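Novice: Pasting a structure here, questions to come.
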Amino acid sequence: MTLLKSWVSSANSAETEFPLNNLPYGVFSTGGAAACGVAIGDQILNVTALEAAGKLTLAGGPLLQKAAWNDVMAAGPAVWDALRTTLQSALAEGAAEEATFAPNLVAQADATMHMPFTVAEYTDFYAGKNHAMNVGTMFRGPENALPPNWLSIPIGYNGRASSVVVSGTDVVRPNGQLKGPNDELPRFAPSARFDIELEMGAIVGTASDGMISVDQADDNIFGYVLLNDWSARDIQAWEYQPLGPFQAKATATSISPWIVTSAALEPFRTTTPERERPLLPYLTESKPMLYDIDLEVALQPEGKDETIVARTNYNEMYYSAAQQLCHHTTSGCSMRVGDLLGSGTISGPEKTNRGSFLELSWGGKEPLTLDTGETRSFLEDGDTVALRGSAKGDGYRVGFGDVTGKILPAPAVPDWAK
Ligand code: CA
């Protein structure tokens with residue numbers, strides 16, 4: 001696949017994350033009401049305004065008047081295809097629609113981004129083998145690093161939809177119950193080991209009731225976002241047995257402002273790694289269901305330059321989102337339009353490929369040295385973290401926009417909580 005040319009000239013650059021090949025969906029405002037928008041080059045096409053003016057018509061519409069993409073998702077794959085085809089045609093070089101569409105463009109630089117969809121429910125998985133090996137080795141030693149079920153089950157936990165926020169939202173360091181060194185009794189205090197997890201998020205676009213196949217799950221995924229699962233490691237270490245993470249993961253989950261559709265990622269499909277233990281038949285993929293997406297993590301101390309602290313790729317995952325979604329339904333669990341599935345932390349094989357500070361600093365034992373000369377084991381107040389990701393085509397790339405979040409100090413612990 002090569003670059004598709006648009007009459008929006010900034011979309012024809014090899015550097016933009018938003019060529020005509022991409023057309024991701026977001027929600028934006030420029031001082032007034034929030035609207036659904038489609039990124040093209042350095043612009044946003046206001047599709048809410050176009051639909052309201054009768055210049056963009058979707059079957060079963062209106063679908064774009066609620067400042068969220070859930071209505072489009074619920075309308076089904078035929079509408080997803082029709083909208084993408086219409087937009088790719090209308091924004092293509094030489095299209096007759098230029099005269100009617102151009103007045104509905106706004107510069108991304110002038111826009112504030114909002115949550116692109118209403119999250120129905122949020123589930124987070126633990127499906128990166130390098131990450132699971134690293135964390136397991138730190139906590140249990142290399143022989144017991146992987147739980148016995150890990151090579152057979154995409155392990156997950158039910159998170160909180162209320163934790164999901166859009167990129168740019170500040171993240172307040174959590175207070176929580178922490179255990180001191182040397183088996184001291186716990187105390188209530190700010191997390192001192194606040195961390196990130198570099199992940200992709202898959203969005204369920206088609207509801208299901210009862211168990212679905214991996215193929216059906218692949219078809220039901222509307223698109224993907226970049227996702228940062230903010231994690232308080234000291235809260236997690238004390239609370240996680242036996243029911244898994246709880247308050248350690250409930251502070252915030254940041255997502256990219258743009259949903260990149262499965263259709264836009266189609267040219268970048270790739271296979272999951274070789275199985276180390278045969279999967280049960282229901283989890284077997286009939287075709288490549290992962291995607292080749294380069295990822296990076298940047299850390300910027302307040303008022304300083306950023307350092308790229310990690311680079312990896314989504315193709316490191318042991319399980320695809322389709323396998324995770326299929327497994328999620330095995331119990332008969334119903335899935336809803338707008339359900340968000342976090343992939344699990346994405347780490348590559350080398351130290352520079354690790355998608356969390358827990359791994360990058362090996363539990364705090366090997367602090368990172370930033371380009372500024374400062375060191376970090378975990379996040380400090382005032383730090384800004386940016387996640388970035390893009391799939392690379394021939395002379396173009398398909399990206400998500402940065403996922404950023406700045407760490408603000410923990411709230412003062414009130415006297416009654418001490
Ligand atoms: Ca996670």
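Just so it is clear, none of the values below were taken in a lab; they were calculated from the coordinates. As the structure is a computational prediction, the values presented were derived from the model and not from experiment. Heads up, the Cβs are rebuilt from the backbone with ideal geometry, glycines too, and the neighbour counts pull from every protein chain shown.
Novice: What is the set of long-range amide H partners of Leu290 at a cut-off below 5 Å, with H atoms built 1.01 Å from backbone N?
Specialist: The answer is Thr270, Thr272.
Novice: Write out the GluC sites (Glu not before Pro) in the range 193-276 meeting two conditions: DSSP loop, and at most 13 other Cβ atoms within 10 Å of their Cβ.
Specialist: Taking the range 193-276 and a limit of 13 other Cβ atoms within 10 Å, the loop GluC sites (Glu not before Pro) found are Glu274, Glu276.
Novice: While we're here: How much FRET efficiency would the formula 1/(1 + (r/R0)^6) give for Met138 and Gln65, where r is the Cβ-Cβ distance and R0 is 51 Å, rounded to 0.05?
Specialist: Computed FRET efficiency for Met138 and Gln65 comes out at 0.55.
Novice: Also, quick follow-up: Below 14 angstrom from the Cβ of Gly156, what's the summed charge of the other residues (Lys, Arg +1; Asp, Glu -1)?
Specialist: Charge balance in the 14 Å sphere: -4.
Novice: Out of the range 1-108, which GluC sites (Glu not before Pro) are coil in DSSP terms and have no more than 14 other C-beta atoms within 10 Å?
Specialist: Those satisfying the criteria are Glu15, Glu93.
Novice: Then there is this: For a 28 Å ceiling on Cα separation, which of these pairs sit above it: Lys5/Lys392; Lys5/Lys406; Lys304/Lys392?
Specialist: Lys5/Lys406; Lys304/Lys392
Novice: Relative contact order for the range 9-114: what percent, with Cα pairs under 8 Å and sequence separation of 6 or more?
Specialist: About 30 percent, as a whole number.
Novice: What is the Cα convex hull volume of the range 9-114 when expressed per residue in Å³?
Specialist: Value for the range 9-114: 98 Å³ per residue.
Novice: I need the calculated FRET efficiency for the pair Glu274 and Asp415, taking r as the beta carbon distance and R₀ as 45 Å, to the nearest 0.05.
Specialist: That gives a FRET efficiency of 0.20.
Novice: Same structure, new question: Which value, in debye to the nearest 20, gives the size of the charge dipole of the range 321-418 about its Cα centre, when Lys and Arg are +1 and Asp and Glu are -1 at the Cβ?
Specialist: Approximately 280 debye in magnitude.
Novice: Moving to a separate point now. If you build the convex hull over the alpha carbons only and average its shadow over all orientations, what do you get for the range 122-417? Give it in nm² to one decimal.
Specialist: 16.3 nm²
Novice: Something else now. Over the Cα atoms of the range 290-418, compute the convex hull volume and normalise it per residue, giving Å³.
Specialist: With only Cα atoms used, the range 290-418 gives 201 Å³ per residue.
Novice: Put a dot 7 Å past each Cα toward the Cβ at Lys55 and Gln177; how far apart are the dots in nm?
Specialist: Using points 7 Å along Cα→Cβ, the separation is 5.8 nm.
Novice: Right, next: For Lys351, which lysines qualify as cross-link partners when the Cα separation must be under 18 Å and same-chain residues fewer than eight apart are set aside?
Specialist: Lys351 reaches Lys129, Lys365.
Novice: Toward the positive end of the charge dipole of the chain, about the Cα centre and with charges on Cβ (Lys, Arg +1; Asp, Glu -1), which of Ala310, Leu185, Thr57 goes farthest?
Specialist: Leu185
Novice: To continue, here is another question. Go through the range 354-364 residue by residue and turn each phi into a ³J(HN,Hα) via Karplus (6.51, -1.76, 1.60, θ = phi - 60°); whole Hz please, and just put x for glycine and proline.
Specialist: 8, x, 8, 6, 3, 7, 4, 9, 6, x, x
Novice: Taking only C-alpha pairs under 8 Å that are 6+ residues apart, what is the relative contact order of the range 122-417 in percent?
Specialist: 27 percent
Novice: Something else about it: Most mobile of Gln241, Gln108, Gln177 per a Gaussian network model of the chain (Cα springs, under 10 Å)?
Specialist: Gln241
Novice: Cβ under 13 Å from Pro409's Cβ, Pro409 left aside: what net charge do those residues give with Lys, Arg +1 and Asp, Glu -1?
Specialist: Value of the local net charge: -3.
Novice: Please identify the trypsin sites (Lys or Arg not before Pro) of the range 264-321 that satisfy two criteria: DSSP loop assignment and at most 12 other Cβ atoms within 10 Å. Which are they?
Specialist: For trypsin sites (Lys or Arg not before Pro) across the range 264-321 that sit outside H, G, I, E and B with at most 12 neighbouring Cβ atoms in 10 Å, the list reads Arg275.
Novice: Let me ask something else. Suppose we keep just the DSSP beta bridges with both residues in the range 122-417; what percent of those would be antiparallel, to 5?
Specialist: 85 percent
Novice: Sticking with this structure for a sec: Read phi for every residue in the range 257-267 and hand back ³J(HN,Hα) as whole Hz from Karplus 6.51 cos²θ - 1.76 cosθ + 1.60, θ = phi - 60°, with x for Gly and Pro.
Specialist: After applying 6.51 cos²θ - 1.76 cosθ + 1.60, I find x, 10, 8, 8, 6, 4, 4, 5, 8, 3, x Hz.
Novice: Using each residue's phi in the range 54-66, evaluate 6.51 cos²θ - 1.76 cosθ + 1.60 at θ = phi - 60° and report the 3J(HN,Hα) Karplus result to the nearest Hz, with x for Gly and Pro.
Specialist: x, 9, 8, 10, 10, 4, x, x, x, 10, 10, 9, 10
Novice: Along its principal axes, what span do the Cα atoms of the range 60-99 show, with the longest given first and each in whole Å?
Specialist: 32, 20, 14
Novice: Among Phe268, Thr352, Met289, whose Cα projects farthest towards the positive end of the dipole of the range 122-417, with charges put on the beta-carbon of Lys, Arg (+1) and Asp, Glu (-1)?
Specialist: Checked the options; the winner is Met289.
Novice: Taking K and R as +1 and D and E as -1, what net charge do the other residues with C-beta under 12 Å from the C-beta of Lys392 add up to?
Specialist: Combined, the nearby Lys, Arg, Asp and Glu give -4.
Novice: Which of Thr375, Ala412, Tyr396 sits farthest toward the positive end of the charge dipole of the range 122-417, with +1 on the Cβ of Lys and Arg and -1 on the Cβ of Asp and Glu?
Specialist: So the residue we want is Ala412.
Novice: With charges set only on the Cβ (+1 for Lys and Arg, -1 for Asp and Glu), what does the dipole of the range 204-296 come to about its Cα centre, in debye to the nearest 20?
Specialist: Value, rounded to 20: 180 debye.
Novice: Around Val172, which amide H atoms from residues at least 5 apart in sequence, or from another chain, sit under 5 Å from its own amide H, with H modelled in the peptide plane?
Specialist: Under 5 Å from the amide H of Val172 lie the amide H atoms of Leu408, each far enough along the sequence or on another chain.
Novice: Can you give the charge dipole size of the chain about its Cα centre, rounded to the nearest 20 debye, using +1 on the beta carbon of Lys and Arg and -1 on the beta carbon of Asp and Glu?
Specialist: Magnitude of the dipole: close to 560 debye.
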